[in-house]
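Presented below is the structure to which this report refers.
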Amino acid sequence: MLKFETKIMKRLSIILTGLFLLVTIVNAQLRVVNTFVENRHKPMGLDEPQPRFTWIIASDDRQVLQNAYEIRVSDSRENLEEGEHLLWSTGKIQSSQSVHIDYTGESLKPGTRYFWRVKVWDNKGNVSKWSETDWWQTGLMDPSAWEADWVSAEHENNITAYYFRKDFLTDKKKEILKATAYLTVRGMYEASINGKRVGNAYLTPGWTSYNNRIQYQVYDVKEILDKGQNTIGVILGEGWYKGRISRKVYGSETAMLVQLVIEYADGETIIIKSNDTWKTSTGPVISSSIYDGEIYDSGKEIIGWDCSGFDDSSWKRVLVKDYSKTNIIHTYNEPVRKHEELKPLEILISPEGDTIVDFGQNLVGWVRLKAMGNKGDSIILHHAEVLDREGNFYTDNLRSALQRNIYILNGREQGFEPHFSWQGFRYVKVEGLGEIPNPDDITAVALYSDMGQTGNFITSNPDLNQLQSNIQWGQKGNFLDVPTDCPQRDERLGWTGDAQAFCRTAAFNMNVNNFFSKWLKDLAADQLDDGNVPVVIPNVLGNRSAGSAGWSDAATIIPWNIYQIYGDKRILHDQYPSMKAWVDYLVDISNDLLRNNGFHFGDWLFYSVDDDNGGRSAVTDKFLIAQCFFANSAKIVAEVASLLGMEDDHMYYSALHGQIKEVFNNEFVTPNGQLVSNTQTAYVLALQFDLLPENMREQAVERLINNIRAYDDHITTGFLGAPYINHVLTRYGQLDVAYELLLQDTYPSWLYPVKKGATTIWERWNGIKPDGSFQYASMNSFNHYAYGAIGEWMYTIIAGINPKEPGYRDFIIKPQPGGGLSSAKGELNTYYGLIRSNWRIENDLFNIEIEIPVNTSTIVYLPASSAELITEGGRSIRGVEEVNILEENGDYVMLILGSGNYNFTVEGFKYQAKH
Ligand code: BGC
């Protein structure tokens, strides 16, 4: 396969180069349409000494490749645009690279905004204009630049939020050139200057392995400063640092650190910093905790506390703390921001008499409420994901999490939103309003990391579309700075197993590059000294909760996936010590390379029956699973070693991989090829990770299919088998069976929850049983993304979008219609631009529109027995210059295409469209 692909690539480059030499300049607008610095737009506070640039090129022409580029960087927009006093100018570089170009100009200074732009030349003699000027701003770049002191308040019982303030003066006569706030806390904060909120990020400073790394944020606050009198205020809550969620692994007190740098036009700089001159008080946010929600007492509001002219003589002095500042790091991933706002779908009175607002979508964030009532009265908002079968509000599955916001009114009209908490909900029970809420006054606000949507997937089957929507909402709800298992009960932790299962699907839906890069650094930071990897990251469960197969293997699987998807070798470089340490640990603890010890979650939440006399439960031996993941992790490390040029390591881990496989076969496979666990997950893992000798694979596939048939065409895997089962079936020629599983809609299946009205992915295949009753309340989340891992198969097999070279520089479009679908569209925004595959089947015609970004090339597989049956834009493909036929194998015609939009039609396509 590999050899074959190399051959294809060679041919492609020969064909394209040959063609382009012949073509003269055409009327094509070559333009740079999007730019990124370290994968983000205009990042503030980037401490990367060599940030990397990426740009997306567009052209109206086809088969466009970048031949050269020029980048310019300056610390002044004017200088950049005039081309003077540049800090870095590459000159014209002959290169096709447009993704992740390292900055190698003059050393970057802290607190500086750098402007940059790029222009490109293509293979047809065109040159673009300069791109729109883009910028990034450096942070403090060195922890020793923190001049401010950590300050704290004397903690009082039952109060979890403290208010801090400081008045300061700016020189009225001077023009302020720049004002930058640097902020972090041991806790969670909201800051304001002169009564105006600083920035639009939420849940800051985000969650990291706080004992090793705490992120700070950087804000441009020039616009909210006044001339003369100013006040900065900070509300400090517990967040992930101290509340129940932290399980006491961090500090016992919250604290904050602020540095506000104001630069005047005359060159003078003043710095306002947290120190012993700041004052502190309690305020209306009495308590605000991630699991339990907020209590806000308007009677305790302090009017004007974050504005000048306020008398703070009754406020206390802060306590200065000597906490370390060396572990403060810049924020690499996108902050959590507000996104969708939903109005009530319905406001109902339940049989038990509760007033319940239904937002129609299970989501994560909070409710914004406008309310008026008597002073001292309370409004209580309770949050739930589901109603029970009688239609009553159901919260048992939240376990001990209260998810409840209490607002005590002041007698005037007020707007409420919680500060340091969020809720997972579709339904909100409103108490204390005295009347049915006005729908205009109650809004659900979704919060999630601002990663940017990259994928779209839609078909002719509404149930599948709902599944895709459920996957996307599951991702939104569980990507709040860390990838969590669930967002509602008293858990909300960065479970590694769930994250590795879902990671590839996540990367289709949104750009999760920096999100996972950041989290993987926490994984490495929390990795134990012996190399073992905790099952939740950041690790708040203690060092004994580590080492489970398929969970701790996130250490190898996720960096590898992220590299494949974004083509970014830096993540492999950064994570390599952690990846290697994990595999070395496994070698150490295994018994002659048999991983038959330790605690494992196994194939979590596999199909099981309560009273299992007939042995129907799909139990897979946990050590068999452990051996599979051991082999896979060793293989990944071997490949990464090779990519990073570490030949010795490559040899060692390759050999290790071979030995682990051998042990697997000796221990878990009978001479006839049956696995000791006759389950779908056992066969799926053995096949997915290539553990069986080649001559035993076909029969393993047969056994897998027999097993699926024995369960009347249902999936029975848990979290570990589910991501791979359809891939394995497809790879071994069983596309129809894969579609049967996908479209099955009785329990257990992906569409069963859809039929039950799910709007997110459930933790269990049957969170709501066929009779409408619930699964055990102790583990029944309705927003758990793990089973959403099927999303990747939908993009790669139904729509047919597959990476070939890491980062989609070369990719494959191979749609594989089935299941009676009559159309499907998949889109993916890559670092090269939009890839689109949009097919439909009508009257024996298969039509596909394909969009291929500039600077990439594609192999397209069209389902046709011969090229004669295919037209492009109405012309036989044999006559279309930009369409190169690579191979016709009877099933498929394979084409090599360069960038552009194409519209192919295959005649005589025999297919039974049902949906
Ligand atoms: C979580 C999971 C997690 C699991 C470990 C559960 O409580 O919600 O999704 O992976 O524990 O098995």
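The values are calculated or read from the model by the stated rules, or taken from the named source; none is laboratory data. Computed from a predicted model, the values in this text were never measured in an experiment. Counting neighbours? That spans all protein chains shown, and the Cβs are built from the backbone with ideal geometry, glycine included. With ligands, DNA and RNA removed, areas are computed over all heavy atoms of the protein, side chains included. Shrake-Rupley method; radii C 1.70, N 1.55, O 1.52, S 1.80 Å.
General remarks:
- Here's the picture: charge each Lys and Arg Cβ at +1 and each Asp and Glu Cβ at -1 in the chain, and of Asn766, Ile835, Asn707 the one pushed furthest to the positive end of that dipole is Ile835.
- Equivalent-ellipsoid semi-axes of segment 344-383, from the Cα gyration tensor, Å, largest first: 20, 15, 9
- The residue among Pro351, Ile379, Asn392 whose Cα reaches farthest toward the positive pole of the charge dipole of segment 350-424, with charges on the beta-carbon of Lys, Arg, Asp and Glu, is Ile379.
- Qualifying GluC sites (Glu not before Pro) for segment 132-234 [loop in DSSP, other Cβ within 10 Å: at most 10]: Glu156, Glu175
- Cα-Cα pairs of segment 641-769 separated by more than 22 Å (percent): 46 percent
- Spin-label proximity, Asn34 to segment 494-524 - amide N less than 12 Å from point 7 Å beyond Cα toward beta carbon: 510-512
- Value of relative contact order over the chain, rounded to a whole percent, pairs C-alpha under 8 Å and six or more apart: 10 percent
- Amide H to amide H distances under 5 Å link Phe168 with Asn230, Thr231, Ile232, where only residues 5 or more positions off or on other chains count and H is placed in the peptide plane.
- FRET efficiency, Asn678 to Arg399 (Cβ-Cβ, R0 41 Å, nearest 0.05): 0.75
- Largest accessible area first, the listed residues Val357, Val320 line up as Val320, Val357 when surface is computed with a 1.4 Å probe on the assembled protein chains.
- HN-Hα J in Hz across segment 467-478 - Karplus 6.51, -1.76, 1.60, θ = phi - 60°, x for Gly and Pro: 4, 4, 5, 5, 5, 5, 5, x, 5, 4, x, 10
- Proximity of backbone amide H atoms, modeled 1.01 Å from N, is registered between Tyr448 and Arg337, His339 at under 5 Å, excluding neighbours fewer than 5 places apart on the same chain.
- In plain terms, the chain from Asp584 to Asp322 could stretch by 90.6 nm, reckoned as 0.36 nm per residue minus the Cα-Cα distance.
- Sparse-neighbourhood loop sites, GluC sites (Glu not before Pro) in segment 339-437 - DSSP loop, at most 16 other Cβ within 10 angstrom: Glu352, Glu390, Glu413, Glu435
- Cα-based equivalent ellipsoid of segment 549-695: semi-axis lengths in Å, sorted from largest, via gyration tensor: 29, 17, 14
- Whether segment 723-876 is rounded, prolate or oblate, judged on the alpha carbon gyration tensor where a/c under 1.5 counts as rounded: prolate
- Multiplying the residue separation of Arg77 and Glu346 by 0.36 nm and subtracting their alpha-carbon distance yields 91.7 nm.
- The residues neighbouring Ser749, those whose beta-carbon lies less than 10 Å from its own, together hold a net charge of -2 under the Lys/Arg +1, Asp/Glu -1 convention.
- Summarising the label geometry, the points placed 7 Å from Cα in the beta-carbon direction at Asn194 and Gln453 lie 3.7 nm from one another.
- Angstrom value of the Kirkwood radius, inverse mean 1/r, which spans all Cα pairs in segment 22-106: 14.5 Å
- Taking the empirical scaling 2.2 N^0.38 Å for compact globular proteins as reference, segment 651-690 has a Cα radius of gyration ratio of 1.24.
- The smallest convex shape that holds all Cα atoms of segment 470-528, its convex hull, gives 84 Å³ per residue.
- Mean shadow area of segment 286-325, taken as a quarter of the surface of its Cα convex hull (nm²): 5.2 nm²
- FRET efficiency for the pair Arg337 and Gln699, taken as 1/(1 + (r/R0)^6) with r the Cβ-Cβ distance and R0 = 51 Å, rounds to 0.50.
- Over segment 833-915, accessible surface divided per residue gives 41 Å², non-protein components excluded, 1.4 Å probe.
- Asn596-Lys222 pseudo-label distance in nm [points 7 Å out on the Cα-to-Cβ vector]: 6.9 nm
- Convex hull (Cα only) mean projected area of segment 790-915, reported in nm² to one decimal: 7.3 nm²
- When peptides 765-775, 743-753 are sorted by average Cβ neighbour count within 10 Å, with the highest value leading, the order is 743-753, 765-775.
- If the Kirkwood radius is taken over C-alpha pairs of segment 495-595, then at 20 °C and 1.002 mPa s the Stokes-Einstein diffusion coefficient equals 158 µm²/s.
- Theoretical FRET efficiency, 1/(1+(r/R0)^6), r = Cβ-Cβ of Asn903 and Ser865, R0 35 Å, to 0.05: 0.95
- Between Leu834 and Lys769, the contour length at 0.36 nm per residue exceeds the alpha carbon distance by 19.3 nm.
- Hydrodynamic radius of segment 584-632 per Kirkwood, over alpha carbon pairs, in Å: 12.2 Å
- ³J(HN,Hα), Karplus 6.51/-1.76/1.60, whole Hz, each residue of segment 572-580, x for Gly, Pro: 5, 4, 5, 8, 3, x, 5, 4, 5
- Largest-first ellipsoid semi-axes for the chain, taking √(5λ) over the Cα gyration tensor eigenvalues, angstrom: 45, 37, 28
- When the alpha-carbon atoms of segment 387-525 are used, the pair Rg, Dmax equals 18.0, 53 angstrom.
- Carbon + sulfur, % of accessible area of segment 361-496 - ligands and nucleic acids excluded, 1.4 Å: 43 percent
- Within segment 443-463, backbone nitrogen closer than 19 Å to the virtual label 7 Å beyond the Cα of Asp377 toward Cβ: 443
- Evaluated on segment 213-252, the Kirkwood hydrodynamic radius is 13.4 Å, with distances taken between all distinct Cα atoms.
- 25 °C / 0.890 mPa s Stokes-Einstein diffusion coefficient of segment 251-363, Kirkwood radius on C-alpha pairs, µm²/s: 124 µm²/s
- For segment 822-829, 3J(HN,Hα) computed residue by residue from phi via the Karplus equation (6.51, -1.76, 1.60; θ = phi - 60°) reads 9, 7, 7, 10, x, 9, 9, 8 Hz, glycine and proline entered as x.
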